[in-house]
Amino acid sequence: MIVVDIRKRLESAEGPFELVVKCQLTPGRIISFFGKSGVGKTSLLRMLAGLMNPDEGRISVNGKLWFHSEKDINIRPQDRRLGFVMQNGGLFPHLTLEENIVFAQPYGNKDGKAEQLLEDVGLSMLRDEKPHRLSGGQTQLAVLAQTLARKPEVLLLDEPLSALDATMRHQMQTYILKTHNKELLSTILVSHDVREVIKLADEVFLIEQGKVINHGSPKDLFFPNLGKDIYQMTGEVIEIAPYDQPNALLVLVGDKLVKVTSTESEVQKLSIGDLIAMSHQAYQPKIFKI
Amino acid sequence: MTLTPMMLIGPLIIYNMDWQPIILTFKLALVTTIILFFLAIPISYWLAYTRSKWKPVVEALVSLPLVLPPTVLGFYLLLAFSPSGSFGQWIESYIGLRLVFSFEGLVLASIIYSLPFMVQPIHSGLTNLPKYLRESAIVLGKSRLITLVKILLPNIKSSLLSGIVLAFAHTIGEFGVVLMIGGSIPGKTKVASIAIYDEVESLNYPAANTYALFLIITTFLILLLVYSLNGGYFRRSIIEIRKKDTSI
């Protein structure tokens, strides 16, 4: 069980705010903190990793206290046995891919696991290459492999799929799910991308302005009407009132652009870049086999 | 007396040169640079990552030799190390070192005098590294020492080289501090810059010219080698230091 009960004053572009997170996370599951940029998601991960200290509160992982402000306990990041795939992270540029993995192994590569890890992510052919020869997606996969070489109990992922193209996204997602299940990890994912969360998370905590405002399964949170004969999909607003139609929207759903017509009052509440969920009655749709 | 080209080049061929000051200069520069290298790394690391309120104080102290006339430093070191003073007496009786008018004293003075030239490139190299390098290594369970030695230092090789060359070159060019604390004892403290001064004082221009020309050629070759090996980075770090230098 991971218990997080912390407070931290943070600065954002809109001014200072307080991040207050109180939750219990079941081990062995993938939990996601979801919210817009700048609500304190990354700071939360940094506090779990010990790279930033909460102002007050406690963090305990599987019965061990990692941080307790009143008891003056603050375990060093080195002793926290977690893996952290940072959003702006990367490999060590002066080491080859294989050396990067070996460096992360607590006792060196005595068990030969470095080769296995590279094989799992499909990068064993590049083992002697320096990181600058890798693409963005390959780097992200390699960073995850490096993180796992440390044998963490808890895996922290900061927007792991956001910078990847569709193919790499799929490969990374499969790898995350596979290793999460194989290594029996507790995985904490932060994201502002609904697709990422729906694909990966078992449970979602919604964060707004530093506070957890709701939590539940991704399906319940993002698609509250599921199971009621309704089509639902999520997308990003690309254009409002296209073709001079005030009640229409252009929405990017996956990699497809869809024109949606709604009521004018609903459309007026939205702005470009908003993530929206759309639903539609699904009585007697026409169905074709393709 | 007017200088002719033959007078400039000639001495190198015909003048029966006393190599001692040159050898002493390079010995001093080498010893100083080696000690400074190991001293500057922890100081630069501390400056790069500390949140202590004392950081500006330490930064100012380290940079002080950049702005002070060397004679100021030399004067106080002379007072401090003088065997008639209590500190100088203590060092002499407990450690057995006489730091005034001795090679050891020159080394110590040079270390203090050239400290900013080693610390600043390493410090700026460390602060310019992406933050994730250090944090990733720490989260991967590595100690700060391992992180420094295996991850941070290999990624600031250019800065390390800049520091080494700058400290070495600066020690070769020392004059004021050396004169104050070392005097001009042949074979012990008479380095090339002092020898040049002495020779000019006694109007022995060919000898002064020999030392001066030798210094110009060797330092030029060192800098040429570094520029060729290290490309733009070294030039940039010198410009950066100069900028900081003038902004103080």
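The values are calculated or read from the model by the stated rules, or taken from the named source; none is laboratory data. For clarity, every value in this text was computed on a predicted model and none was experimentally measured. Note that we place each Cβ from the backbone using ideal geometry, even for glycine, and neighbour counts take in every protein chain shown.
So here's what we get for this one:
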quantity: Unmet requirement for B:Thr147, which otherwise passes all of (1) within 25 Å of B:Leu30 (Cα to Cα); (2) of a type in the set (Ser, Thr, Tyr); (3) touching a Lys or Arg at 6+ places or on another chain (Cβ under 8 Å); calculated: (1)
quantity: Residues that are within 22 Å of A:Leu44 (Cβ to Cβ) and among the charged types (D, E, K, R), drawn from the stretch A:153-179; calculated: A:Glu153, A:Asp158, A:Glu159
quantity: Sole exception among (1) free of Cβ contacts under 8 Å to residues at least 60 places away in the same chain; (2) under 20 Å from A:Glu183 (Cα atoms); (3) of a type in the set (Lys, Arg) for A:Arg58, by number; calculated: (2)
quantity: The lone exception for A:Ile73 - which of (1) more than 25 Å from the chain's Cα centre (by Cα); (2) of a type in the set (A, V, I, L, M); (3) within 22 Å of A:Leu157 (Cα to Cα) it fails; calculated: (3)
quantity: The stretch A:146-157, subset more than 11 Å from chain B (Cβ to nearest Cβ) and within 13 Å of A:Met86 (Cα to Cα), residue surrounded by the fewest Cβ atoms within 10 Å (Cβ to Cβ); calculated: A:Leu155
quantity: Single residue of A:Ile188, A:Ile240, A:Ile213 found to be without any contact (Cβ under 8 Å) to a residue 24 or more places away in the chain and not acidic (Asp, Glu); calculated: A:Ile213
quantity: A:Pro77 in the same structural domain as A:Ile6 (by TED's automatic domain parsing) and surrounded by fewer than 17 Cβ atoms within 10 Å (Cβ to Cβ); calculated: no
quantity: Residue check, B:Leu203 over 18 Å from the mean Cα position of the chain (by Cα), at pLDDT 85 or above and of a type in the set (A, V, I, L, M); calculated: yes
quantity: Selection status of B:Ile138, free of Cβ contacts under 8 Å to residues at least 60 places away in the same chain, over 18 Å from A:Met52 (Cβ atoms) and facing another protein chain (nearest Cβ under 9 Å); calculated: no
quantity: Filtered residues of the stretch A:60-76 (kept if more than 14 Å from every other protein chain (Cβ to nearest Cβ) and either touching a Cys at 6+ places or on another chain (Cβ under 6 Å) or of a type in the set (Phe, Trp, Tyr) (or both)); calculated: A:Phe67
quantity: Flag for A:Asp158 being free of Cβ contacts under 8 Å to residues at least 60 places away in the same chain and of a type in the set (Asp, Glu); calculated: no
quantity: Test: B:Ile95 is within 30 Å of B:Gln20 (Cβ to Cβ), surrounded by fewer than 19 Cβ atoms within 10 Å (Cβ to Cβ) and away from chain A (no Cβ under 14 Å); calculated: yes
quantity: Qualifying residue in the stretch B:107-125 (condition: farther than 17 Å from B:Leu28 by Cα and within 14 Å of chain A (Cβ to nearest Cβ)); calculated: yes
quantity: Every residue from the stretch B:44-65 that is within 19 Å of the chain's Cα centre (by Cα) and β-branched (Val, Ile, Thr); calculated: B:Val58, B:Val62
quantity: Residue among A:Ala49, A:Ala13 that is among the aliphatic types (A, V, I, L, M) and modelled with pLDDT under 90; calculated: A:Ala13
quantity: Strands (runs of 3 or more DSSP E) contained entirely in the stretch A:164-274, each with at least 1 residues that are closer than 29 Å to A:Pro16 by Cα; calculated: A:186-191, A:203-208, A:211-216, A:230-240
quantity: Tally of residues being within 16 Å of B:Leu61 (Cβ to Cβ) and without any contact (Cβ under 8 Å) to a residue 12 or more places away in the chain across the stretch B:93-125; calculated: 0
quantity: Counted residues, the stretch A:47-59 - those being of a type outside the set (D, E, K, R) and either surrounded by fewer than 17 Cβ atoms within 10 Å (Cβ to Cβ) or within 11 Å of chain B (Cβ to nearest Cβ) (or both); calculated: 6
quantity: Cross-chain or 6+ apart pairs with Cβ under 9 Å, the stretch B:57-85 first and under 18 Å from B:Phe117 (Cβ atoms) and touching a residue at least 60 places away in the same chain (Cβ under 8 Å), then among the aromatic types (Phe, Trp, Tyr) and outside any helix (DSSP H, G or I); calculated: B:Pro70/B:Phe175
quantity: Every pair of residues 6+ apart whose Cβ atoms lie under 6 Å, when the first sits in the stretch A:77-94 and is at the interface with chain B (Cβ under 7 Å from one of its Cβ atoms) while the second is buried (at least 17 other Cβ atoms within 10 Å of the Cβ) and among the charged types (D, E, K, R); calculated: A:Met86/A:Asp158
quantity: Listing of helices (runs of 4 or more DSSP H) fully contained in the stretch B:59-157 that carry 3 or more residues being more than 30 Å from A:Asn88 (Cβ to Cβ) and touching a Leu at 6+ places or on another chain (Cβ under 8 Å); calculated: B:70-81, B:103-128
quantity: Enumeration of residues in the stretch B:5-18 that are touching a helix residue (DSSP H, G or I) at 6+ places or on another chain (Cβ under 9 Å) and modelled with pLDDT of 60 or more; calculated: B:Met17, B:Asp18
quantity: Members of the stretch A:106-118 that are more than 9 Å from chain B (Cβ to nearest Cβ) and within 27 Å of the chain's Cα centre (by Cα); calculated: A:Lys113, A:Ala114, A:Glu115, A:Gln116, A:Leu117, A:Leu118
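A quick yes/no check of all residues on (1) in contact with a helix residue (DSSP H, G or I) (Cβ under 6 Å, 6 or more places away or on another chain); (2) under 28 Å from A:Ser12 (Cα atoms); (3) surrounded by 12 or more Cβ atoms within 10 Å (Cβ to Cβ):
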site: A:Val204; (1), (2), (3): yes, yes, yes
site: A:Gln209; (1), (2), (3): no, yes, yes
site: A:Met233; (1), (2), (3): no, no, yes
site: A:Glu239; (1), (2), (3): no, yes, yes
site: A:Val258; (1), (2), (3): no, no, yes
site: A:Val267; (1), (2), (3): no, no, yes
site: A:Ile272; (1), (2), (3): no, yes, no
